[in-house]
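The values are calculated or read from the model by the stated rules, or taken from the named source; none is laboratory data. As the structure is a prediction and not an experimental result, all values here were calculated from the model. Reconstructed Cβ throughout: ideal geometry from the backbone, glycine too, with neighbour counts over all protein chains shown.
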Amino acid sequence: MQVIEPSEAASYGVRLVAYEPNGPRLGLLPFPLGFEAGAPLNDVSSLRLDYTSHAPGIGLLAQPCEVALEYSAGGGWVEPPNARFLRIKRTSDATDQAGKRGYTCPGYAWQFKKAVLYPNDQLVDGKRQFNAVPAGAVLLTLIGEAKARGALAGMTAGFTASTDSAGEPWAATLTIALEPGVDLLTLLLNLSDQGVIDWRMSGRTLEVFNEGTVMAADRSAGPGLVDLRLGRDVDQAPDDATLEDVSTAILIAGEGGFTHEVTNTSANAPWGRWETYQQQGGVSDEGTATALAQAALDRASGERVQITRAVVFAVARWLPWAAYQPGDTVLAPGDGGHMEPLRIRQVTLSRAGDGKLSGNLVLNDRFLEDDIKLARKTQGILAGGVSSGGSGATPAPDSSGRVPAAPQGLIVEPVAYLDAAGYAQGLAVATWGPVTQDVNGVALDVDGYEVYARVNAEGELWFLVAQTASGDVSASVSPLNVNSEYGFKVRAVGNDGTKGEFSDPVAVLVPDDATPPPVPSPPTLTTRLGVIHVAWDGLGDGGVPMPPDFDRVRVWMRDPLDPDTPAAEVDHLTAAGVVVIPDQPYNAPREVWLTAVDRSGNESAATAAGVIATVPLVDADLIGQVIDGAEHIIAGSIPANAKIVAGSITGGLIQALAIEADKIAANAITADKINAGAIEASHISSNAITADKIAANAITAAKIAADAISGKTITGSIIRTGTTGQRIVIDPTTLDIRFYPQGTTNYSRLYTRDDAFPGEATFEITSGTNPGNTARTFFTLAAGWTKLDVLRPSNGNPNGGFLESAEDYSRIGYDDGTSDNQYMWFDASGMTTHYGKWWDNTFATNTWGVHAGSRITSSGWTGVEIVYGPSMQGNMGPVAVLRDGAITSNPSLDPNFNWCIESSTQVAFIISWGEGGGVRSGKAVYWWAHRHNGSA
């Protein structure tokens, strides 16, 4: 712990000023008995004020007024944000001869409780609907309506419908439904809790910013550094820590009996497994459940610490509002007094009766800030309604339409989460406005909604990915590939099953995981035998475990005396261990530090650097004269006939690899000097024997022991069993094996790639081409996706049948790149879909499972026999309908008639009908007959 002694500080003072309600300045309140003012982040500030009836200024408090707190840091007086209060509550005691009066004054923003949303004639299911609009537009709507009714008379909005208070475009859009009666303060708190906005009052002006921008300045490093030091800026540092909320396993219970368990093996669990349970209505897919469970377990992964620091006004270098404000991140003593970046959540100032100013800061460490972000992420997954804005993706062309009107205000918010194996997956939350009318504007009720998605490319097929009930206008879709664009659209389904028009499609880019791993714990540096040892304990700074997507720790080194030369990565570790750095000069300092990288490439900040230098093992006077460093004797410095006694140097005294080839005279070592078996493979340096050292034909098959190559690493480039004809080629540069049949250059291929799915090794097999070069079979095996299809060799486009299987769906069919493709779709919903057309048949083979078709009969007919062709193998179940032709030529006729299937055999079925509208008109017969095992 570093304690800074008090030093000369800037002059700092505070005062209270009274104002008329929504009016001008009244004057100072110079003699308060005491006060305490609290300014939290994204919340209503407060002031507790005591005054005596005998002091000047008491008359200003006799009636409701506004009280402003102002500060001065050696210059003029300034009213900081969230420092305007309403004198609306007072207390007194008539028996108190001192005349003490107490005043409880909430911040000016408290008035937003008194501006509520009124109903109008555009309610949807009793709510005010806002579809795909910026947060500022929603807030200004409520403010404008309230002002029109005479509320919020003194308040002004410091933002517009299109830009925030810093003049920046709104980053998020909302699709929300608000209950009449909700107040503006509740809306502000909810939007800030969800991470959509930051807000504060500047006098009587409401300032609203994009979350994490103006009100989230990082002053913990760089030229704007604010470092709060013990003994100088802060003196009391109480910490309150608990493990009560730790959990290592969570069971998510969703809709329809759906359950999903996720565990966190890296959580702090001194007593073993601790479990928790979370019920989440509306969740029925594993991806959403995993994302929610991970967020909950991350918040419950370790000890949580509440940090409060008392401000020393007399000698502090950095003081509230003059140097920092709520929302800023500063460098301050954290848990245990160690300096670390901490975010200011609240500033409290107080002055007692003796006039002495005091105060404290409520600080969040990075764990609590992460908890807040995770809670916001969870709320967004469950409730939807917030989109972080466009990704630059342009929806691919598409059109469709049915009876219910198209849903309005579709927004899609994609997020990344980690699956059980620690790999990044995508999840998208779609939200839209409810449908209450048909396409002609007539009111109707809907039964639910269907959400469709596809890879955002023209020609890709749309798939039904989610269905909701009538009152549910939000759905989550997972898992999705990160760094991929998807298009989404939604339609309503009427109570009679009629499909509505689709909304305009929305395209989004599913982001990759962007959260870096924690900073590693500092490395432990040691030196021995002229090398540097860098040890890492496998944990993050402060003993936190590494996340499941942790990939490696990079080891960096540089010369601290040469800061202009960039640092070099000398090695890496994938777990706790030691890295050895050889060949470093003696007594030359080396600076070493670590960074952590996850599977998505996110890199942590660097650890604190350690400095170390190698130390020689012998007297420095010998170095350079007789001994070259710690390893070699300088050539010629010790004559053999004078210094070395015969037999004194034996093999056991010679360091491995100490005698190099250039120190041995040519032909000095002959075969008779080497004992049988004395030279083993372990005695030969890597790459010491090169091709030019081996005589031609010296190595024959008889010289290679059985299994001598088994299990060994063969280095080099391409390995071939031959150069022409039938052969196998292994190419490590492309990780493939090619098989050539005799007498042809057409080959089949096995290979592996790592760029198809992040963090995966995808295995692929391709056949050779056919003689016409129109087809090649392609087989891909990934961890959660497999596809077998026939492709056109010239361009890789589909040109035949395919079979595709993933974790949550499977499909089989035919695709030749035209519009007449067809396949069967099976997925985790338990429902099966057919895409394409059925044959309009008048004949069949006897094993067809379905016989479908249509036939037109002339007027005057009373029935028709539909013949299958052969005698079918199994009983047939025909389903048939009739369309009357009379109404086509004469709409006034009533096509009312009876029909039925009179007989059904394995050869044919007969359908008959009576008169319709007094005439015997032509009919169109449509049928579907399937083979089955029943007796009907």
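When you go through 484, 478 one by one, which is the residue that is modelled with pLDDT under 85 and closer than 14 Å to residue 510 by Cα? Exactly one residue qualifies, and that residue is 478. In segment 406-448, the residue that is surrounded by the fewest Cβ atoms within 10 Å (Cβ to Cβ) out of those that are among the hydroxyl-bearing types (Ser, Thr, Tyr) and under 28 Å from residue 757 (Cβ atoms) is 423.
With respect to the conditions (1) under 23 Å from the mean Cα position of the chain (by Cα); (2) at pLDDT 75 or above; (3) not in a strand (DSSP E or B), residue 409 falls short on a single one, namely (1).
Number of residues in segment 881-918 that are charged (D, E, K, R) and either at pLDDT 85 or above or crowded, with 17+ Cβ neighbours inside 10 Å (or both): the value is 2. For residue 94, the conditions (1) closer than 15 Å to residue 49 by Cα; (2) aliphatic (A, V, I, L, M); (3) over 42 Å from the mean Cα position of the chain (by Cα) all hold with the exception of (1).
Results for (1) at pLDDT below 95; (2) over 26 Å from residue 13 (Cα atoms); (3) in a helix (DSSP H, G or I), shown as yes or no for each residue.
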position: 91; (1), (2), (3): yes, yes, no
position: 96; (1), (2), (3): yes, yes, no
position: 102; (1), (2), (3): yes, no, no
position: 109; (1), (2), (3): yes, no, yes
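The rows are residues; the columns are (1) of a type in the set (D, E, K, R); (2) more than 24 Å from residue 518 (Cβ to Cβ); (3) not in a helix (DSSP H, G or I).
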| residue | (1), (2), (3) |
| --- | --- |
| 181 | no, yes, yes |
| 191 | no, yes, no |
| 195 | no, no, yes |
| 213 | no, yes, yes |
| 221 | no, no, yes |
| 232 | yes, yes, yes |
| 240 | yes, no, yes |
| 250 | no, no, yes |
| 269 | no, no, yes |
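Restrict the check to segment 580-597 and report whether at least one residue is surrounded by fewer than 15 Cβ atoms within 10 Å (Cβ to Cβ), of a type outside the set (Lys, Arg) and within 30 Å of residue 416 (Cα to Cα). No: zero hits. The set of residues from segment 114-142 being buried (at least 19 other Cβ atoms within 10 Å of the Cβ), outside any strand (DSSP E or B) and in contact (Cβ under 8 Å) with a residue 60 or more places away in the chain comprises 115, 117, 135, 136, 139.
State which residue pairs qualify: first residue of a type in the set (Asp, Glu) and inside segment 721-732, second residue part of a loop (DSSP other than H, G, I, E, B) in any location, beta carbons under 6 Å apart, and separation of 6 or more residues or different chains. Final answer for the pair search is 731/718.
The residue that is surrounded by the fewest Cβ atoms within 10 Å (Cβ to Cβ), counting only those in segment 159-172 that are touching a helix residue (DSSP H, G or I) at 6+ places or on another chain (Cβ under 8 Å) and either closer than 12 Å to residue 42 by Cα or touching a residue at least 40 places away in the same chain (Cβ under 8 Å) (or both), is 172. Of the residues that sit in segment 99-113 and are crowded, with 19+ Cβ neighbours inside 10 Å and over 15 Å from residue 201 (Cβ atoms), which one is farthest from the chain's Cα centre (by Cα)? Selected residue: 101.
Identify the single condition in (1) among the basic types (Lys, Arg); (2) under 30 Å from residue 757 (Cβ atoms); (3) at pLDDT below 85 that residue 528 does not satisfy, given that it satisfies every other one. Going through (1) among the basic types (Lys, Arg); (2) under 30 Å from residue 757 (Cβ atoms); (3) at pLDDT below 85 one by one, residue 528 breaks only (2).
Considering the conditions (1) aliphatic (A, V, I, L, M); (2) within 21 Å of residue 215 (Cα to Cα); (3) at pLDDT 90 or above, residue 135 is excluded by exactly one of them, (3).
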